[in-house]
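K.L.:
Got a structure for you, written out below as C-alpha cells; questions coming shortly.
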Amino acid sequence: MNLVVAALVGLLFALGLGLAGMTQPARVLGFLEFRDPALLLTMGGATAVTLLGFPRVLRRERPVFAWRFWLPTRSDIDRKLLVGAALFGLGWGLVGLCPGPALTALAGGDPLVGLFVAAMFAGMALHARRG
C-alpha cells in the first residue's frame, strides 16, 4: 500500500512541477534572474499551504500511511550541509534544474536533461562510495 501511495504522491508532485513550469530550465533561470515572477508565486503558494498544514498534520498521533513520523533529529549546520546546499544552488542556478524537476523533465526526451540526470546520479554514487 505504501508503494502505491508513494507513486501517487510522486505523480501528483510531477504534475505540479509541470503545471508550474518548473521543469523548463529557461523558466527557472528567468525566475532566478528576477525576470519571471510566476515561480515565486508558485513557491509562495506552496509555502503558505505548508505553513498552515504542517502543524495540523503533526498534531496527529501518526501519519495516515506510516506507523510514525520521520522527522529530522539534527538542527546543527555543519560543513556537509553547507557544501551540499552550495552544490545544489550552483547546479540549479547554472542549469535551471534540481533533482525533482529534472526527473520529471526526462519525460520530454531532452538529451541535456538526460545528461544532467546522469551526472546527478554519478555524483550520488560517488558520495555513497566515499561514505
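The values are calculated or read from the model by the stated rules, or taken from the named source; none is laboratory data. In this text the structure is predicted, and so the values were computed from the model without any measurement. Cβ coordinates were reconstructed from backbone atoms using ideal geometry, including for glycine residues, and neighbour counts include every protein chain displayed.
K.L.:
Among the residues of the stretch 3-25, is any in contact with a Leu (Cβ under 7 Å, 6 or more places away or on another chain), assigned to a helix (DSSP H, G or I), in contact (Cβ under 8 Å) with a residue 60 or more places away in the chain and not aromatic (Phe, Trp, Tyr)?
P.N.:
yes
K.L.:
Surrounded by 10 or more Cβ atoms within 10 Å (Cβ to Cβ), touching a Leu at 6+ places or on another chain (Cβ under 9 Å) and either modelled with pLDDT under 90 or under 23 Å from Leu11 (Cβ atoms) (or both), is that true of Thr50?
P.N.:
So Thr50 fails the test.
K.L.:
Here are some conditions: (1) under 17 Å from the mean Cα position of the chain (by Cα); (2) at pLDDT below 90; (3) closer than 24 Å to Leu94 by Cα. Ala6 meets all but one. Which one does it not meet?
P.N.:
(3)
K.L.:
Please enumerate the residues belonging to the stretch 9-37 that are at pLDDT 85 or above and of a type in the set (Gly, Ala, Ser).
P.N.:
Residues satisfying the conditions are Gly10, Ala14, Gly16, Gly18, Ala26, Gly30.
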